[in-house]
Every structure is written in structure tokens, then in C-alpha cells.
Amino acid sequence: MLVLAAPGRAAAPPGEYQVKAVYLFNFGQFVAWPASAFESPDAPFVIGIFGGDPFGAVIDEVVRGESLGSRPIVVERFHDTDDISRCNILFIGRSDAPRLREALGAVRGQSVLTVTDIDGAERHGAIVVLYNQNNRIRMRINLPEARASELVISSKLLRPADVIGAEGG
């Protein structure tokens, strides 16, 4: 079962971007990146936010003090496509829908998990699309794009998702 609780937190019902911030954090635990995605064994695990930042301080709070193995988790914000390939996860928010193809193109062929809440973005090559259904955040996962990026997504993440490109599906 996919657990979506922020480490060490208990509060009022979370807002949309609080939930999405926790999803981004959890993706690091349920997706495997090739060793070549990192400059060194202790290089940080980078969650990148492209363009407008809908999270504010929430994403920083979710990952504060957290690590994946020996890798500290850091959040970086990018206003253009320079250096976004340094990310392990790249979030592209709805406010940047006009720049979706530009951002996806800048990381295509690299081991970057692209995540967005832009409806239909999987048709343009996004790997994970987060969407609201009956006041719950759901996932649509583009498996062929994940494989092309050399990312292995755990069945624990695939099970609750709408999977595109799954064998037999």
C-alpha cells in the first residue's frame, strides 16, 4: 500500500499541494534510478520544480532532513530549462502548461521522473500525471516513457495508478 503521510506530521486535512508534495517525496522510494543518474554515490537526490512554484515552503518542509540511502533530498527551483537535467524528479505545474513540451524535451532521454498536474500531459511524454478525482489525488503513469528514461517503477506505485502502456492493458 502506498503511504502518503509526511514524515513526522499530523495536522488538519492536507491541501492539494501538500498531498502532491508528499507524492513527490514518496516517488523517490518507489522508483529506481540507474547509477548513471547521479554524479557520485553521495550526490543529492534532487526534486526540481520548473517554472511557477505551487508548493511554496510545503515541499521544503516535507523533505527537510530526509534522505534516500546516503543521498540527502534537496529541492531546487528552475525558471528555465538550463540545468533541469540535474533533477531526479521534475515537477511541471499547471501554470506552466504552455512550456510543458519545452521542459519535457529538455530532459527527454535522461533518467528524470517527470511529474505534472497538467491534464493530458502523458500524451506529450510526461511520466506521471497527478489529477483530482472525487477530491482525491490520483496518478496516471506512462510506463513506456518511464522505461525509455531507464526508470523502474515499483508495483506498489503502479497498483493504485492508471497505467498507460502496460502489457495486456
**Asked** S70: more than 19 Å from F55 (Cβ to Cβ) and open to solvent by 20 Å² or more (accessible area, probe 1.4 Å), yes or no?
**Response** yes
**Message:** Can you tell me which residue is nearest to the chain's Cα centre (by Cα) among those in segment 82-109 that are at pLDDT below 95 and closer than 12 Å to E145 by Cβ?
**Reply:** R108
**Request:** Name the residue, out of V112, V129, V62, that is without any contact (Cβ under 8 Å) to a residue 24 or more places away in the chain and open to solvent by less than 30 Å² (accessible area, probe 1.4 Å).
**Result:** V129
**Request:** Report, ordered by the first and then the second residue, all pairs with beta carbons closer than 7 Å, sequence separation of six or more or different chains, a first member in segment 137-152 that is under 17 Å from L24 (Cβ atoms), and a second member that is modelled with pLDDT of 95 or more and of a type in the set (S, T, Y).
**Result:** I137/Y23; R138/Y131; R140/Y131; S149/S111; L151/S111
**Prompt:** Of all residues in segment 13-49 being in a helix (DSSP H, G or I) and among the charged types (D, E, K, R), which is nearest to I141 (Cα to Cα)?
**Reply:** K20
**Item:** Hits in segment 74-108 - residues which are open to solvent by 60 Å² or more (accessible area, probe 1.4 Å) and in a loop (DSSP other than H, G, I, E, B)
**Value:** H79, D80, D82, D83, R108
**Message:** Looking for something under 20 Å from G52 (Cβ atoms), in contact with a strand residue (DSSP E or B) (Cβ under 9 Å, 6 or more places away or on another chain) and surrounded by 17 or more Cβ atoms within 10 Å (Cβ to Cβ) - is there at least one such residue anywhere in segment 149-156?
**Reply:** no
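The values are calculated or read from the model by the stated rules, or taken from the named source; none is laboratory data. No experiment lies behind these values; they were computed from the predicted model shown. FYI the Cβ positions are ideal-geometry reconstructions off the backbone, even for glycines, and counts take in every protein chain you see. Just the protein is used for accessible areas: all its heavy atoms, side chains included, with ligands, DNA and RNA removed. Shrake-Rupley method; radii C 1.70, N 1.55, O 1.52, S 1.80 Å.
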